[in-house]
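The values are calculated or read from the model by the stated rules, or taken from the named source; none is laboratory data. Just so it is clear, the model here is predicted, and its values are computed rather than measured. Cβ atoms come from the backbone with ideal geometry, glycine included; neighbour counts cover every protein chain shown. For accessibility, only protein heavy atoms count, side chains too; no ligands or nucleic acids. Shrake-Rupley method; radii C 1.70, N 1.55, O 1.52, S 1.80 Å.
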Amino acid sequence: MLAAMAAAEVGDEQEREDPTTNELQRRVAELLGHEAALFLPTATMANQVALRTLSRPGRKVVAEERTHVLIYEWGGPAIHSGLVMQGLPAVEGRPTPTQIEALDDFGPGSVLVLENTHRSSGGRVWPLDAFQAAVGAARARGAAVHLDGARLFNASVAAGLPPSAWASLADTVTVCFSKGLGCPFGAGLAGSAETIERAWEGKFLLGGALRQSGVAAAAMLYALDHHVERLAEDHARAKRLAEGIGVTPAEVETNFVPIPDELGLEQRLRERGVLVGDLRPGWLRAVTHLGVGDAEIGQAVERIRDAVPALA
């Protein structure tokens, strides 16, 4: 990947003259089943540009209550787009058509955000029929749909479906390259040609327009060619970790392992060289990725058992 970055053919992205970025955008649009795509430095910026492009100030952004755009993007929908933020409680991060149909003041100018895989539910994959039903319910209200597909390639590999199976149903979709795909940074936003043309304004507004962005785009193209299918290895290692520490393997659909939290557990694990993060209240998450191999899984199992005597 570093070699690809160093050898990248570059130009001025702001003038749309960076050939590597242009090729990345073509590939991302094709993979996601949309007419066009836009390179952005981060997935959070891509989500915010999408919301600004699809919505009108004073309308709503609706999502499951612990979806990334509501919890981890620091009020971005309200600050950048003037949107009222409404969270819905939902099992496994999946708002139902009934919930969407019952929303007040939700229609044209509002946006439903669906997240796949859903972070706070533990990397769960949306079943395609349930996803279609949620999209249909939003469309029936006249609202737009944005798919936060930060981990969409994980969902694709786990379900054995192309990423376009979900992405093509939404008005816009974000994919992140700095997670399981192993890039230093970078995201893609896809939608119709008209939508992506308008998204350029948001990209400039939020400071996402670069110059020789082909250096980053080259890493992202390398990841598409070499790091997508191997996500299955991360998923298998996550199941192995789950089995080793007593988590039901059925709860692990992709590369997240949910760990029940207890006072001081995160610090005890850190002291033993095992880094975990928050998942949702009462739960921590262990995440497998390019930097975690079979040996590290074995070590993690031993050290987590050492930190939690009940598992030994």
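Which residue pairs have Cβ atoms under 7 Å apart, sit 6 or more places apart or on different chains, and have a first residue in the range 95-106 that is free of Cβ contacts under 8 Å to residues at least 24 places away in the same chain and closer than 20 Å to T117 by Cα and a second that is assigned to a loop (DSSP other than H, G, I, E, B) and open to solvent by 70 Å² or more (accessible area, probe 1.4 Å)?
Partner pairs satisfying both residue conditions: none exist.
Restricting attention to the range 22-39, report how many residues are part of a helix (DSSP H, G or I), open to solvent by 30 Å² or more (accessible area, probe 1.4 Å) and under 12 Å from S168 (Cα atoms).
Start the filter on the range 22-39 by keeping residues that are part of a helix (DSSP H, G or I), which leaves 22-32.
So of that shortlist, the ones also open to solvent by 30 Å² or more (accessible area, probe 1.4 Å) come out as 22-23, 26-27, 30-31.
Filter once more, keeping what is under 12 Å from S168 (Cα atoms): 30-31.
Within the range 22-39, residues that are part of a helix (DSSP H, G or I), open to solvent by 30 Å² or more (accessible area, probe 1.4 Å) and under 12 Å from S168 (Cα atoms) number 2.
Restricting to the range 279-297, name every residue that is outside any loop (DSSP other than H, G, I, E, B), more than 17 Å from R151 (Cα to Cα) and open to solvent by 50 Å² or more (accessible area, probe 1.4 Å).
The initial filter retains those residues of the range 279-297 that are outside any loop (DSSP other than H, G, I, E, B), namely 279-280, 283-287, 294-297.
Filter once more, so that each one left must be more than 17 Å from R151 (Cα to Cα): 280, 283-284, 294-297.
R280, W283, D294, A295, E296 - these are the residues of the range 279-297 that are outside any loop (DSSP other than H, G, I, E, B), more than 17 Å from R151 (Cα to Cα) and open to solvent by 50 Å² or more (accessible area, probe 1.4 Å).
For S192, all conditions in the list (1) open to solvent by less than 10 Å² (accessible area, probe 1.4 Å); (2) within 30 Å of G107 (Cα to Cα) hold save one; what is the number of the exception?
(1)
Among A238, A209, which is in contact with a Ser or Thr (Cβ under 9 Å, 6 or more places away or on another chain) and not basic (K, R)? Lay out the reasoning, then the answer.
On the way: A209 fails: in contact with a Ser or Thr (Cβ under 9 Å, 6 or more places away or on another chain).
None of the others qualify; the one that does is A238.
Checking L83 against (1) free of Cβ contacts under 8 Å to residues at least 60 places away in the same chain; (2) among the aliphatic types (A, V, I, L, M); (3) farther than 21 Å from E201 by Cα, only one condition comes out false. Which one?
(3)
Could you pull out the residue among S178, S120, S110 that is out of contact with any Cys (no Cβ under 6 Å at 6 or more places or on another chain) and under 20 Å from V252 (Cβ atoms)?
Numbers: S178 fails: under 20 Å from V252 (Cβ atoms); S110 fails: under 20 Å from V252 (Cβ atoms).
Going through S178, S120, S110 in turn, just one is out of contact with any Cys (no Cβ under 6 Å at 6 or more places or on another chain) and under 20 Å from V252 (Cβ atoms): S120.
For the range 41-80, which positions are among the small types (G, A, S) and surrounded by fewer than 21 Cβ atoms within 10 Å (Cβ to Cβ)?
To start, the set of residues in the range 41-80 that are among the small types (G, A, S) comprises 43, 46, 50, 55, 58, 63, 75-76, 78.
Hits for the range 41-80 are G58, G75, A78.
Do any helices (runs of 4 or more DSSP H) lying entirely in the range 128-179 carry at least 2 residues that are of a type outside the set (A, V, I, L, M, F, W, C), and which ones are they?
Qualifying helices (runs of 4 or more DSSP H): 128-140, 152-159.
Looking at R198, R141, R119, which one is basic (K, R), surrounded by 21 or more Cβ atoms within 10 Å (Cβ to Cβ) and in contact (Cβ under 8 Å) with a residue 40 or more places away in the chain?
Values: R198 fails: surrounded by 21 or more Cβ atoms within 10 Å (Cβ to Cβ); R141 fails: surrounded by 21 or more Cβ atoms within 10 Å (Cβ to Cβ).
One residue alone meets the criteria, R119.
Do you know which residues across the range 51-80 are in a helix (DSSP H, G or I) and more than 19 Å from the chain's Cα centre (by Cα)? Break it down stepwise before answering.
Step one: filter the range 51-80 for residues in a helix (DSSP H, G or I), giving 51-54, 68-71, 76-80.
Across the range 51-80, the qualifying residues are A78, I79, H80.
Of all residues in the range 8-21, which are open to solvent by 80 Å² or more (accessible area, probe 1.4 Å) and in a loop (DSSP other than H, G, I, E, B)?
Residues of the range 8-21 that are open to solvent by 80 Å² or more (accessible area, probe 1.4 Å), as a first pass: 9, 15-17.
Hits for the range 8-21 are E9, R16, E17.
Can you name every residue in the range 251-266 that is closer than 13 Å to V308 by Cβ, open to solvent by 20 Å² or more (accessible area, probe 1.4 Å) and not in a strand (DSSP E or B)? Lay out the reasoning, then the answer.
Going residue by residue through the range 251-266, those that are closer than 13 Å to V308 by Cβ are 259-266.
With open to solvent by 20 Å² or more (accessible area, probe 1.4 Å) added as a condition, the list becomes 260-264, 266.
Those that are closer than 13 Å to V308 by Cβ, open to solvent by 20 Å² or more (accessible area, probe 1.4 Å) and not in a strand (DSSP E or B): D261, E262, L263, G264, E266.
Of everything in the range 203-236, what is open to solvent by less than 30 Å² (accessible area, probe 1.4 Å), within 23 Å of V10 (Cα to Cα) and out of contact with any strand residue (DSSP E or B) (no Cβ under 8 Å at 6 or more places or on another chain)? Give them in sequence order.
A209, G214, A218, A219, L221, A223, L224, H227
Identify the single condition in (1) buried (at least 22 other Cβ atoms within 10 Å of the Cβ); (2) farther than 26 Å from N154 by Cα; (3) of a type in the set (G, A, S) that G107 does not satisfy, given that it satisfies every other one.
(1)
Could you tell me whether the range 81-88 includes any residue that is modelled with pLDDT of 95 or more, surrounded by fewer than 15 Cβ atoms within 10 Å (Cβ to Cβ) and not in a helix (DSSP H, G or I)? So that I can check it myself, show each step before the final result.
Let us first name the residues in the range 81-88 that are modelled with pLDDT of 95 or more, namely 81-88.
Narrowing further to those that are surrounded by fewer than 15 Cβ atoms within 10 Å (Cβ to Cβ): 82.
Now restrict to residues that are not in a helix (DSSP H, G or I): 82.
Scanning the range 81-88 turns up at least one residue that is modelled with pLDDT of 95 or more, surrounded by fewer than 15 Cβ atoms within 10 Å (Cβ to Cβ) and not in a helix (DSSP H, G or I).
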